[in-house]
Amino acid sequence: MLNSYLNKNTMESNVDYLGILLQMAFALGFVGLTMVATHTLGPKRRTAQKAEAFECGVESVGNARLPFSIKYFLTAILFVLFDVEVIFFYPWAVNFKELGGIGYLKMLFFIAPLFLGYLYILKKGALNWEKM
Amino acid sequence: MISVITFKLILVSLLFLVTLGIAAYSTYFERKIAAFLQDRIGPNRAGPFGLLQPIADGVKMIFKEEHRPAGSNRLLFILGPSLAMATALMTSAAIPWGTHIEIGGHSYAFQVADINVGVLYVFAIVSLGVYGILIGGWSSNNKYSLLGAIRASSQMISYELAMGLSIIPIILYTGSLQMSDIVEGQHQVWNVFRYPLGFLIFLICAFAETNRTPFDLPECETELVGGYHTEYTSMKLGFFLFSEYVNMFVSSAMIATLFFGGYHFPGLSSLEHLPNLAAFLGFGVLFAKILFFIFFFMWIRWTIPRFRYDQLMRLGWQVLMPTSIVLIVIYGAIFSFL
């Protein structure tokens, strides 16, 4: 098993990462060229009214960089927490066959507190969008 | 070494053209399918059957006035759509398009980057796409744009969790994050038969990640005008719209690769002495699967109405995420003890 893993590793070469760089160069080149093209072509008639923020014809009041609902912030915090946990699943999943049944049982000790934490935030109403 | 680089260069440029072509014609077929489902005719003016419509749209977009509202942040206003488009175009690098191609005694992988972190690469680049929308919406200095942008970002991060968890059982089975290994692991049974519920979770998350109906709340036009791209004009707007179609193409390719056997078709192994034929047939088969899923995306759009925002968040956090954790536990037990 270890042997086959090493073989897999040697199959991947630095040329593959070069491929990603090439693709990135194509993507950035296309985006850059199109941005320049659309900037140079096309008419430009700036008026004060046109430059106002669009709010369905009603004059806009104040700045749009307003504080937003705490729910979104809470979602982001919970996402960071859980995303870090999800990251730990990946190395375990890749080595799942080598670790065997014992590794699976050990992983349950990781999943159980994770799930308890999830039930806790559920109980606290952090995922409830209607009343908070 | 030089020949490998040349091969990669040709492959990348072809892939680039194919991606743009598919994305452009997806807009045409989206409108045609919408018209078909609603008993209309759809675009039929530019060229025969309206086939030149995507080109006309693209040219129109470039020649429209580029406009930036007062109070917007200039650098970020340009960076938003650029980032959305660039990340959308980069994701397809890790997808295997077929078996090996042989040219002049050399064997080349029919894939831009056969890296051993393939799945993680795709997830990483896809999640960078959130920044494009968030930056674009915030920098416009428009309240609708801001609302659309924060909706989009919290929707995408929520569904990313379930998406990341839903494919763990596939990796448990394959033991590798390399996309070509995952495809090879399906040469007898497709993952969708081994793992139907995981496919359903992944599919729902793919809809949410690409901001497609029924999860298109970020650009929900009845509430937010145009959502995060309200203030955008010309090709900057075009990039936001176009990146959605590129993402749809890449998501379809990911679904086909992870769950529907990628380039595998019955009888592929009997073509071992004809590697190039096998590679091109595999490419055709993968493309047929991809086109089916692009059609499926459009079909859903005209069938299911939009979710309410709290329903969307409840589905992501309270249904999909716990289900995928339970599925990991169940499949782990099956693979270890049965």
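The values are calculated or read from the model by the stated rules, or taken from the named source; none is laboratory data. All figures in this text were calculated on a predicted structure; none of them were measured in a lab. Methodologically, a virtual Cβ is constructed for each residue, glycine included, from the backbone with ideal geometry; neighbour enumeration extends over all protein chains shown. Ligands, DNA and RNA are stripped out before the accessible areas are found, and what is left, the full protein with its side chains, is counted by its heavy atoms. Shrake-Rupley method; radii C 1.70, N 1.55, O 1.52, S 1.80 Å.
Observations on the structure shown:
- Most mobile of B:Glu102, B:Glu184, B:Glu65 in a GNM of chain B (Cα contacts under 10 Å): B:Glu65
- The protein assembly as shown, Rg to Rh (Cα coordinates; Rh as Kirkwood inverse mean 1/r): 0.98
- Alpha-carbon Rg/Rh ratio, for region B:85-134, with Rh computed the Kirkwood way: 1.13
- For chain B, hydrophobic long helices are taken as DSSP H runs at least 30 Å long by C-alpha position along their axis with mean Kyte-Doolittle hydropathy of 1.0 or more; these are B:2-37, B:118-139, B:234-259, B:275-301.
- With Cα atoms as the point set, the radius of gyration and Dmax of region B:67-337 evaluate to 19.8, 64 Å.
- Label zone of B:Glu102 (point 7 Å out along Cα→Cβ, amide N under 16 Å): in region B:261-297 this covers B:269-281.
- With Cα atoms, 0 to 90° folded angle of helix A:14-40 axis to chain A main axis: 10 degrees
- In this simple spin-label model, placing a label point 7 Å from the Cα along the Cα-to-Cβ direction at both A:Phe73 and B:Phe337 gives a separation of 4.5 nm.
- The GluC sites (Glu not before Pro) of region B:210-291 that meet both conditions, a loop assignment by DSSP and at most 16 other Cβ atoms within 10 Å of the site Cβ, are B:Glu272.
- Restricting region B:50-149 to trypsin sites (Lys or Arg not before Pro) in coil, as DSSP defines it, with at most 14 other Cβ within 10 Å: none
- Cβ neighbours within 10 Å from other chains - mean over A:55-64: 3
- Average beta carbon contacts from partner chains per residue of B:161-174, 10 Å cutoff: 4
- Candidate aspartates and glutamates - alpha carbon under 19 Å from A:Lys97, same-chain residues fewer than 8 apart omitted: B:Asp181, B:Glu184
- Above-threshold pairs, the threshold being 28 Å between Cα atoms, out of A:Lys71/A:Lys106; A:Lys123/B:Lys143; A:Lys50/B:Lys32; B:Lys32/B:Lys236; B:Lys143/B:Lys236; B:Lys64/B:Lys143: A:Lys71/A:Lys106; A:Lys123/B:Lys143; A:Lys50/B:Lys32
- Between A:Lys106, A:Lys44, A:Lys71, the GNM of chain A built on Cα springs shorter than 10 angstrom shows A:Lys44 fluctuating the most.
- Within region A:48-76: backbone nitrogen closer than 20 Å to the A:Lys124 label point (7 Å, Cα to C-beta): A:69-76
- Approximating the spin labels as points 7 Å out from Cα along Cα→Cβ, the B:Ile330-to-B:Met1 distance works out to 5.1 nm.
- Placing unit charges on the Cβ atoms only, positive for Lys and Arg and negative for Asp and Glu, gives region B:1-89 a dipole magnitude near 60 debye about its Cα centre.
- For chain A: rounded, prolate or oblate by the Cα gyration tensor [a/c cutoff 1.5]: oblate
- Taking only the Cα atoms of region A:68-132, the radius of gyration and Dmax are 15.3, 48 Å.
- Once B binds A, the 1.4 Å probe can no longer reach about 7200 Å² of accessible area, counting both sides.
- Per-residue average of Cβ from other chains inside 10 Å of A:42-54: 5
- Rough spin-label spacing in nm, given labels placed 7 Å along Cα→Cβ, for B:Asn73 and B:Lys60: 3.3 nm
- Protection-proxy order for peptides A:108-118, B:123-133, A:91-101, each taking the mean of Cβ atoms within 10 Å per residue, highest first: B:123-133, A:91-101, A:108-118
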